[in-house]
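Have a look at the structure below, then the notes.
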Amino acid sequence: MMDDCIFCKIIAGEIPSEKLYEDDDILAFKDIAPQAPVHFLVVPKKHISMPADVEEVDDLVMGKVLRIGAQVAKEQGVADNYRVIFNNGAKSGQVVFHVHMHILGGKDKPWPM
Ligand code: AMP
């Protein structure tokens, strides 16, 4: 738990969220400002600031983030239509410095790439 980390506070239950999945390692919750019909975030409970800070000890949990993202996407009805985004660093658009995987699903119009 990092002080002043909004996602650590969500994980701790100090800030409410719409949870879609939770276990000892992982939390998935709806993005508060959805950019697609289905938009949720999957985070490791361990505080890691950004993808570039992932270490070897985190390999298992980061693989689980990907797998649970797929599971929740299926539950949300977008099993075969979602994109996965990790922002890394402020210049890339990262605003919350607790590593998180965006799942953006169910969007019909083409994406920029
Ligand atoms: P990023 O730009 O990759 O750091 O994305 C951070 C994401 O967190 C944005 O899509 C925000 O809409 C989302 N977000 C920020 N605060 C909350 C919150 N309290 N609950 C859910 N999502 C949030």
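For this structure, a couple of remarks:
- Burial order of peptide ranges 63-75, 84-96, 44-56 (average beta-carbon count within 10 Å, highest first): 63-75, 44-56, 84-96
- Projected area averaged over orientations for the chain, convex hull of C-alpha atoms, nm²: 7.2
- Sulfur and carbon atoms: percent of accessible area, the range 6-105 [1.4 Å]: 53
- Solvent-accessible area per residue, Å², over the range 6-105 with all protein chains present [probe radius 1.4 Å]: 54
- Between 0 and 90 degrees, the angle of helix 59-75 with respect to the longest Cα principal axis of the chain falls at about 40 degrees.
The values are calculated or read from the model by the stated rules, or taken from the named source; none is laboratory data. Because the structure is a prediction, the values reported are computed rather than measured. A quick note on method: Cβ atoms are made from the backbone with ideal geometry, for glycine too, and the neighbour counts reach across all protein chains shown. We work out accessible area using only protein heavy atoms, side chains counted, and drop any ligands, DNA or RNA first. Shrake-Rupley method; radii C 1.70, N 1.55, O 1.52, S 1.80 Å.
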